[in-house]
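Enquirer: Before I ask anything, let me first share the structure, which is written out below as C-alpha cells.
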Amino acid sequence: MNAQEILARFGPREAMEYDVVVVGAGPAGLATAIRLKQLAAAQGKEVSVVVLEKGSEPGAHILSGAIMDPRALNELFPDWKERGAPLDQPVTGDKFLFLDEQGAKATPEFFLPDCFKNHGNVIISLGNLVRWMGQQAEAFGVEIFPGFAAAEVLYDEQGAVKGVATGNLGIGKDGEPGENFQLGMELHARYTIFAEGSRGHLGKQLIAKYQLDTGRDPQSYGIGIKELWEVAPDKHQPGLALHTAGWPLDKKTYGGSFLYHLQGNLVAVGFVVGLDYANPWLSPFEEFQRWKHHPAIKPTFEGGKRIAYGARALTAGGILSLPKTVFPGGALVGCDAGFLNASRIKGSHAAIKTGMLVADAAFDAIVAGRRQDELSAYPQAFERSWLHEELDRSRNFKQWFKKGFLVATLMTGIEQWLLPKLGIKNPPWTLHRAQADHLYLKPAAECEQIAYPKPDGKISFDRLSSVFISNTNHEEQQPAHLTLKDAGVPVAINLARYAGPESRYCPAGVYEFVKDDNGGDRLQINAQNCVHCKTCDIKDPTGNIVWVTPEGGGGPNYAGM
C-alpha cells in the first residue's frame, strides 16, 4: 500500500498550525528557533515555533569532530558560559602532520595556515551542545517533537511550501498498516525551515523541485567516521588538536584525520574521505582503521578503550556549490544547504549563524503579516556577513585536491598562508568543479585492488562491533528505508563494473552481496544497521540508492559524540 492509498483509507491527517516549522534539531535548526523566540520576546510579540527531530532526542543523531569556533554562539548567547553551555575544553595546541607509511613530518607552527589554527576555539561534543541548545529552546517556549521524522513536504495550490508531514508509524515490511498503525500528522506554517544536516532527504527534493542549484557547481561531500576513546592518563593531552594528511590515502584522494583531546581522558578521533574518490576498492572505514596503526598515532590508543562509534556525510563543496537558499515558503540552513568550511573542518558556527540569519528574515516577515513567500532578506544578510567573507576566502580549497596532493598542499599554503601575509584576503582566482562525486568512480578493472589488514580488536575493529557501540536500532518490521530505483542495477552494474562498492563505502555493513538459492548474486540490505550517514545516497555510481526517512526515533543514539 503506497502513501496515497494509506491516506485515502485512513486520512485526512491531523493538522497543526505554527508560524514557523523547523525540520531538524541540530545547531542550525535550534539556533533558528531560539533566535525567533528571542526576537519575539524583545518586541513583545507572539511567534509559535515547533522543531521536528527524527532522533530519539536532540543530539541523538549529531556527529561532528568537533572543534567549535564560538563566534556565532557568542552572538546567539553572549552569556553562554553563565547558562552552562558545555564548552569546557579550549584548544591548547595545534599540530599538523604529513604522514607516509612509517614516518610523520610536522608542519612548523610559523607555516601553519590560519585555517588550521585553533587559538580561541573549543573542543566539544556537538551532541552535548545540541542537547543544551534544546533545553534553552524549550525554556524560550519552543516546542520540540523528538522521534518525529519529517517525511513529506507539503505544498499549497500555488506551489509554495506550506509545511511538512511526519511519517506514518506501524507500517509492516509488506507496506500494510499493522495493529499499532498511526497516521502521520501535518504541520502547517507561514515558513518552514529545513535544517536536516548534510544531504537532507527533504532538502534534496526541494533543491530539485525549485532548481536551487542552477548555475552552481555540483555539490561535493565527504564521509566522516569517528570514534570516542578513553585513553590512558599518561597519553592524554587536554586541548591538543592534531590533524594529519597523506597516508594511508593515495595522493589523488582527498581526505585526512583529526585527533582531539577533550577533558576526562577522552579523545575524539576521526577520518574524513572525500566522496569524489575514484577507486571503487577503497573503503573509508578500513582506511580509518589502518590509519590508527601508524607509528605516530597508535601509541595514543594503546591501553585505552573505544567507547563510541559513528559516521556522517559532510557537505564540503563550499560557497561555489551553495544552492539558492530560499524558495516560496521556506529556506535551507546549515549543512542542508552546505555552509561548512572544509578548509577549517568546521560547520557548527556556520550552522548557528545561518539559523540566526533566517530567523531574522522570518520574524520580520511574520510581523509584516507575510506568509509563504521568499525570505530574500536571508541570503542578502548572508552576503553581508562575516560567514560569507570566511567561505569566500576558502572557495578553492576542495577543488585543488583534484589536481593532486602536492598541488593542493602548495596552493592551500599560498591561499591560506602567503596571501593573507601579503594583505590579500581572498584569492584572485576561482576553480570550479565539473561533476558530482559519484561520477568520479572508475571501473574496478582499471584500479588497483586494496588489501586491508584484519582488525586486531584492540586498536582496529570490524564494522559490526562498531555499529553495536553506536546504539543503532530500527523497528525491524518497518519497510527498509534504503530503497532502490531499479533492483537489477546492484548486480548488473555495481557488482559487474565496480566490484560492488556499496559493500565498502558503507561504514555500517548495510550492504553485502550474497548468493541466492540458484547460485547467483544478489544485494542484501541490512537496513537495521544504518547509522544515517547518507553516503549511499551520495556515492552510488548510478544514483540508484535513495535514502528515505525511517520511523522516527530509529537510527543511532550517540552519546558524547
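The values are calculated or read from the model by the stated rules, or taken from the named source; none is laboratory data. Keep in mind the model is a prediction, meaning the values are calculated, not measured. Note: ideal-geometry Cβ built from the backbone for every residue, glycine included; neighbour counts use all protein chains shown. Note: accessible area is taken over every heavy atom of the protein model, side chains too, but ligands, DNA and RNA are not part of it. Shrake-Rupley method; radii C 1.70, N 1.55, O 1.52, S 1.80 Å.
Enquirer: Q43 versus F10, label points 7 Å from Cα toward the beta carbon: distance in nm?
Expert: In this crude label model, Q43 to F10 measures out at 4.0 nm.
Enquirer: I've got another one for you. Put a dot 7 Å past each Cα toward the Cβ at N74 and A492; how far apart are the dots in nm?
Expert: Taking the two extended label points, one gets 5.8 nm.
Enquirer: Next up: Distance between the C-alpha centers of segment 40-118 and segment 391-463? Whole Å please.
Expert: Cα centroid of segment 40-118 versus Cα centroid of segment 391-463: 22 Å apart.
Enquirer: Which whole-number value in Å² is the accessible area per residue of the chain, probe 1.4 Å?
Expert: About 40 Å² of surface per residue is accessible.
Enquirer: I would also like to ask the following. Quick check for you: which residues of segment 170-207 have the amide N under 19 Å from the point 7 Å beyond the Cα of D373 toward its beta carbon?
Expert: Answer for segment 170-207: 189-193.
Enquirer: List the trypsin sites (Lys or Arg not before Pro) within segment 114-176 that DSSP assigns to loop and that have no more than 14 neighbouring Cβ atoms inside 10 Å.
Expert: Qualifying residues, ordered by number: K173.
Enquirer: At 7 Å along the Cα-to-beta-carbon direction for both Y155 and R83, put a label point, then send me their distance in nm to one decimal.
Expert: 3.7 nm
Enquirer: Using a Förster distance of 51 angstrom, determine the FRET efficiency expected from the C-beta separation of K117 and N518, and round it to 0.05.
Expert: 0.30
Enquirer: Using a probe of 1.4 angstrom, how much of the accessible area of segment 219-320 is carbon and sulfur, in percent?
Expert: Roughly 53 percent, rounded to a whole number.
Enquirer: Keeping the other protein chains in place, figure out the carbon and sulfur percent of the accessible area of segment 377-534, with a 1.4 Å probe.
Expert: Of the solvent-accessible surface of segment 377-534, carbon and sulfur hold 53 percent.
Enquirer: How large is the helix-only mean residue ellipticity at 222 nm for the chain, computed as the sum of -39500 (n - 2.57) over DSSP H runs with n ≥ 4, divided by its residue count, in deg cm²/dmol to the nearest 500?
Expert: -6500 deg cm²/dmol
Enquirer: Dividing the alpha-carbon radius of gyration of the chain by 2.2 N^0.38 Å (N being the number of residues), what value is obtained?
Expert: 0.94
Enquirer: Ranked highest first by average number of other Cβ atoms within 10 Å, how do 538-549, 3-14 line up?
Expert: Sorting 538-549, 3-14 by mean packing, highest first, produces 538-549, 3-14.
Enquirer: Let me ask you something else. For S503, S348, write out the residues from largest to smallest accessible area, computed with a 1.4 angstrom probe and no ligands counted.
Expert: S503, S348
Enquirer: What's the carbon and sulfur percent of segment 90-181's accessible surface, probe 1.4 angstrom, rounded to a whole number?
Expert: 50 percent
Enquirer: Can you list residues whose amide H is under 5 Å from G163's amide H, if they're 5+ apart or on another chain and H is modeled 1.01 Å from N?
Expert: So G163 has HN proximity to L154, A189.
Enquirer: With no solvent and one point per C-alpha, what does the Debye sum give as log10 I(q)/I(0) for segment 126-231 at q = 0.13, 0.18, 0.19 Å⁻¹?
Expert: Rounded to two decimals, the profile gives -0.77, -1.18, -1.21.
Enquirer: Could you run the Karplus curve 6.51 cos²θ - 1.76 cosθ + 1.60 with θ = phi - 60° over segment 77-88 and give me ³J(HN,Hα) per residue in whole Hz, x for Gly and Pro?
Expert: 9, x, 9, 4, 5, 5, 7, x, 4, x, 10, 10
Enquirer: Something else: Under the rule of at least 5 residues apart or a separate chain, name every residue whose amide H is placed under 5 Å from the amide H of I525.
Expert: The list, which skips near neighbours in sequence, is empty: none.
Enquirer: Can you tell me the order of 65-77, 27-39 when each peptide is scored by its average per-residue count of other Cβ atoms within 10 angstrom, highest first?
Expert: Descending mean neighbour count gives 27-39, 65-77.
Enquirer: Leaving ligands and nucleic acids out of the surface, order W247, W80, W429 by accessible area at 1.4 Å, largest first.
Expert: The ordering from most to least exposed comes out as W429, W247, W80.
Enquirer: Ordered by residue, what ³J(HN,Hα) values in Hz, to whole numbers, does segment 317-330 give under the Karplus form 6.51 cos²θ - 1.76 cosθ + 1.60, where θ = phi - 60° and Gly and Pro are x?
Expert: x, x, 5, 6, 9, 5, x, 4, 9, 10, 7, x, x, x
Enquirer: Let me ask you something else. Please give the peptides 220-231, 282-293, 430-441 ranked by average Cβ packing (other Cβ atoms within 10 Å per residue), highest first, as a rough proxy for protection.
Expert: So the order, starting with the most tightly packed, is 220-231, 282-293, 430-441.
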